[in-house]
Amino acid sequence: MSKELRECPFCGKSDKVTIYTYSMVNNDEVLWTRYGVKCKRCNFEIPVYAEKETAIRKWNTRPTEDAKDKEVDSLVLCLAKVKSFCKQHHDY
């Protein structure tokens, strides 16, 4: 999985997106740490998670965009097959 963070889904900036941590400390002992991702430009942030990788995955997940990207990839592949067929059979 890529550790790179995608741009903010609201303001579109990527240079202002950062990972942050919350830790519970008792007598200098770290009891737990949670990770979140936040855009410093528009202040949008996601909930915190126990694992850094989970926070990154949740930030980078864009169900609507990802579904559209998958559909576009499928259509591009289909178009390439059609062009290949036409070229082979119709001097395209």
Identify, please: which residue in the range 83-92 is among the charged types (D, E, K, R) and surrounded by 10 or more Cβ atoms within 10 Å (Cβ to Cβ) and is, among those, farthest from Gly36 (Cα to Cα)? Lys87
Within the range 1-22, count every residue that is open to solvent by 80 Å² or more (accessible area, probe 1.4 Å), closer than 13 Å to Phe44 by Cα and in contact with a strand residue (DSSP E or B) (Cβ under 6 Å, 6 or more places away or on another chain). 1
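Conditions (1) farther than 13 Å from Gly12 by Cα; (2) among the β-branched types (Val, Ile, Thr); (3) outside any loop (DSSP other than H, G, I, E, B), marked per residue:
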{"position": "Val37", "(1), (2), (3)": "yes, yes, yes"}
{"position": "Arg41", "(1), (2), (3)": "no, no, no"}
{"position": "Pro47", "(1), (2), (3)": "yes, no, no"}
{"position": "Thr54", "(1), (2), (3)": "yes, yes, yes"}
{"position": "Arg57", "(1), (2), (3)": "yes, no, yes"}
{"position": "Thr64", "(1), (2), (3)": "yes, yes, yes"}
{"position": "Ala67", "(1), (2), (3)": "yes, no, yes"}
{"position": "Glu71", "(1), (2), (3)": "yes, no, yes"}
{"position": "Leu75", "(1), (2), (3)": "yes, no, yes"}
Considering only residues that are modelled with pLDDT of 90 or more, open to solvent by less than 100 Å² (accessible area, probe 1.4 Å) and charged (D, E, K, R), which ones fall in the range 28-82? Arg34, Lys38, Glu45, Lys52, Glu53, Lys58
Pairs please, first residue from the range 28-45 and under 16 Å from Leu5 (Cα atoms) and without any contact (Cβ under 8 Å) to a residue 60 or more places away in the chain, second anywhere and among the β-branched types (Val, Ile, Thr) and part of a loop (DSSP other than H, G, I, E, B), Cβ atoms under 7 Å, 6+ apart in sequence or on different chains. Tyr35/Val48; Gly36/Ile46; Gly36/Val48; Val37/Ile46
Does Val25 count as of a type in the set (A, V, I, L, M, F, W, C) and loosely packed, with under 11 Cβ neighbours inside 10 Å? yes
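The values are calculated or read from the model by the stated rules, or taken from the named source; none is laboratory data. Only a predicted model underlies this, so the values are computations on that prediction, with no experimental measurement involved. Because the Cβ atoms are built from the backbone with ideal geometry, glycine has one as well, and the counts that use them run over all protein chains shown. The accessibility values were calculated without ligands, DNA or RNA, using every heavy atom of the protein model including side chains. Shrake-Rupley method; radii C 1.70, N 1.55, O 1.52, S 1.80 Å.
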